[in-house]
Amino acid sequence: MRAKIAGTGSCLPLLRVTNDDLSNIMDTSDAWIRSRTGIGSRHLATEETTASMSIEAAKQALDEAGMQAEELDLIIAATLSPDHVLPPLSCEVQSGLGAVHAAAYDLGAACSGFVFALNTAQAYIQSGMYRKILIIGAETLSKLMDWTDRSTCVLFGDGAGAAVVTAEDTGVFAGVLGSDGAKGEALSCGGRHLQNPFASRAPEHPYVQMNGQEVYKFAVRTVPKCISQALEQVGWQPGDVSLFLLHQANQRIIEAVAKRLKQPMERFPVCLEECGNISAASVPILLDRVNQEGRLKRGDRIVLAGFGAGLTWGAAAFTW
Ligand code: ACO
């Protein structure tokens with residue numbers, strides 16, 4: 001059995017903040033941000049929460065799949081910015097949807113989270129343990145930004161994407177996942193610091209910090225490699241793939257990957273111009289966009305790829 005995506009959905013906050021809007025409140029410019037990253041704007045949460053956007057995206061995905069929430073066996077939510085430490089985001093989504101028969105848990109693999117969740121869903125389906133799984137990538141990254149640090153805060157946005165995954169006995173699926181904890185310093189964000197009656201530690205930097213050039217080098221080296229490994233498993237050449245849906249971190253990274261795979265940019269759709277980098281949410285939001293635009297036909301060969309903090313990376317090659 002293999003995982004088939006039966007429905008997708010996405011949700012962005014109403015507020016769209018352009019590069020020019022940012023240049024009114026900090027020392028930056030549309031020209032700098034666009035030329036370095038390809039980003040033109042990002043959506044930032046005002047009233048929305050990670051859970052509210054996840055629930056909206058999930059409802060759309062269930063609708064397209066023609067499925068009731070009660071039918072779900074499992075919910076996996078990939079996020080690095082849940083609304084609370086407890087309860088888990090996935091349990092809030094379960095409650096919001098009324099998915100009373102579903103087990104629910106969160107998965108933390110940063111920007112690779114949705115691709116990790118899809119590969120995890122495939123493993124459950126292949127084992128026969130579950131047949132109807134909701135996977136979500138959702139972030140409110142704006143609360144993890146130091147808004148006085150122009151080198152990071154201009155890059156990220158908020159939003160959520162979801163997919164309903166069902167068991168199918170035809171088609172193919174191959175997945176590759178990897179991690180390198182030794183390079184974790186390249187992209188970090190401190191958590192709550194230890195403080196109890198017997199010990200306390202100095203707080204860590206509570207906002208996202210990044211060595212942009214290290215992340216760039218890692219991405220252009222690792223992503224083509226893990227995509228090639230997934231393609232090898234299914235016996236496809238890069239030219240057999242209709243669409244490559246990559247984590248939306250940076251236009252230059254996507255162009256470098258396309259070049260290394262010797263494929264035209266038309267096969268690498270982007271939504272980062274409007275949305276910026278939304279970590280775990282970027283791949284499912286892009287997936288929903290191309291799906292709603294009618295760019296995916298049943299039987300098409302698709303590749304998803306994620307990369308990010310950890311460091312983590314992953315790819316999935318499958319038939320739509
Ligand atoms: N506006 C204007 N100037 C800026 C800004 C800004 N928003 N941010 C930094 N600068 C300045 C710096 O202060 C520096 O000025 P200086 O030369 O006077 O010191 C200059 O621009 C160059 O700064 P760098 O950090 O060296 O900029 P770089 O050219 O490396 O571009 C970027 C930064 C876009 C992040 C690049 O490293 C990159 O593409 N990295 C890839 C990683 C990435 O995209 N990460 C996204 C998140 S990670 C993920 O999703 C996996």
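Out of all the residues in the stretch 207-227, which are of a type in the set (Phe, Trp, Tyr) and within 11 Å of the ligand (Cβ to nearest atom)?
Hits for the stretch 207-227 are Tyr216, Phe218.
From the list Ala249, Ala230, Ala256, Ala315, which residue is more than 20 Å from Leu141 (Cβ to Cβ), outside any helix (DSSP H, G or I) and out of contact with any Asp or Glu (no Cβ under 9 Å at 6 or more places or on another chain)?
Step by step, each of Ala249, Ala230, Ala256, Ala315 is checked, and only Ala315 is more than 20 Å from Leu141 (Cβ to Cβ), outside any helix (DSSP H, G or I) and out of contact with any Asp or Glu (no Cβ under 9 Å at 6 or more places or on another chain).
Return the pair list, or none, for Cβ contacts closer than 7 Å from residues in the stretch 265-278 that are touching a residue at least 60 places away in the same chain (Cβ under 8 Å) to residues that are among the aliphatic types (A, V, I, L, M) and in a helix (DSSP H, G or I), at least 6 apart or on different chains.
Listed pairs, sorted by first residue: Val270/Ile254; Cys275/Ile285; Ile278/Leu141; Ile278/Ile285.
Quick one: which residue in Ala182, Ala163 is modelled with pLDDT of 95 or more, away from the ligand (no atom under 14 Å from the Cβ), among the hydrophobic types (A, V, I, L, M, F, W, C) and surrounded by fewer than 17 Cβ atoms within 10 Å (Cβ to Cβ)?
Residue meeting the stated conditions: Ala182.
Quick check on my filter: what residues within the stretch 247-262 are over 25 Å from Ser52 (Cα atoms) and touching a strand residue (DSSP E or B) at 6+ places or on another chain (Cβ under 7 Å)?
Ile254, Val257, listed by residue number.
Is it the case, given these coordinates, that Ile75 is open to solvent by less than 20 Å² (accessible area, probe 1.4 Å) and either farther than 21 Å from Leu144 by Cα or more than 13 Å from the ligand (Cβ to nearest atom) (or both)?
Here the answer is yes, as Ile75 does meet what is asked.
If I ask for residues that are closer than 14 Å to Trp320 by Cβ, in a strand (DSSP E or B) and either within 16 Å of the ligand (Cβ to nearest atom) or among the aliphatic types (A, V, I, L, M) (or both), which ones from the stretch 278-305 would you list?
Ile302, Val303, Leu304 - these are the residues of the stretch 278-305 that are closer than 14 Å to Trp320 by Cβ, in a strand (DSSP E or B) and either within 16 Å of the ligand (Cβ to nearest atom) or among the aliphatic types (A, V, I, L, M) (or both).
Can Ser81 be described as of a type outside the set (A, V, I, L, M), in contact with a strand residue (DSSP E or B) (Cβ under 7 Å, 6 or more places away or on another chain) and surrounded by 24 or more Cβ atoms within 10 Å (Cβ to Cβ)?
no
Check the stretch 228-243 and report whether any residue there is surrounded by 19 or more Cβ atoms within 10 Å (Cβ to Cβ) and within 16 Å of the ligand (Cβ to nearest atom).
The answer is no; no qualifying residue exists.
Can you tell me how many residues in the stretch 88-145 are part of a helix (DSSP H, G or I), of a type in the set (Gly, Ala, Ser) and open to solvent by less than 30 Å² (accessible area, probe 1.4 Å)?
Qualifying residue count for the region: 7.
Do you know which of the residues in the stretch 263-290 that are farther than 20 Å from Pro13 by Cα and in contact with a strand residue (DSSP E or B) (Cβ under 8 Å, 6 or more places away or on another chain) is most open to solvent (accessible area, probe 1.4 Å)?
Result: Arg267.
Quick one: Val270 ticks every box in (1) assigned to a loop (DSSP other than H, G, I, E, B); (2) more than 16 Å from the ligand (Cβ to nearest atom) bar one, so which box is it?
Evaluating Val270 over (1) assigned to a loop (DSSP other than H, G, I, E, B); (2) more than 16 Å from the ligand (Cβ to nearest atom) leaves (2) as the failure.
Is it fair to say His205 is open to solvent by 50 Å² or more (accessible area, probe 1.4 Å) and not aliphatic (A, V, I, L, M)?
So His205 fits the description; yes.
If we only count helices (runs of 4 or more DSSP H) wholly inside the stretch 16-72, which ones have 1 or more residues that are within 13 Å of the ligand (Cβ to nearest atom)?
Correct list: 19-23, 30-37.
Please work out if Asp146 is more than 14 Å from the ligand (Cβ to nearest atom) and of a type outside the set (A, V, I, L, M, F, W, C).
No: the conditions fail for Asp146.
The values are calculated or read from the model by the stated rules, or taken from the named source; none is laboratory data. This one's a predicted model, so the numbers in the text were calculated from it and none came from an experiment. Note: ideal-geometry Cβ built from the backbone for every residue, glycine included; neighbour counts use all protein chains shown. For accessibility, only protein heavy atoms count, side chains too; no ligands or nucleic acids. Shrake-Rupley method; radii C 1.70, N 1.55, O 1.52, S 1.80 Å.
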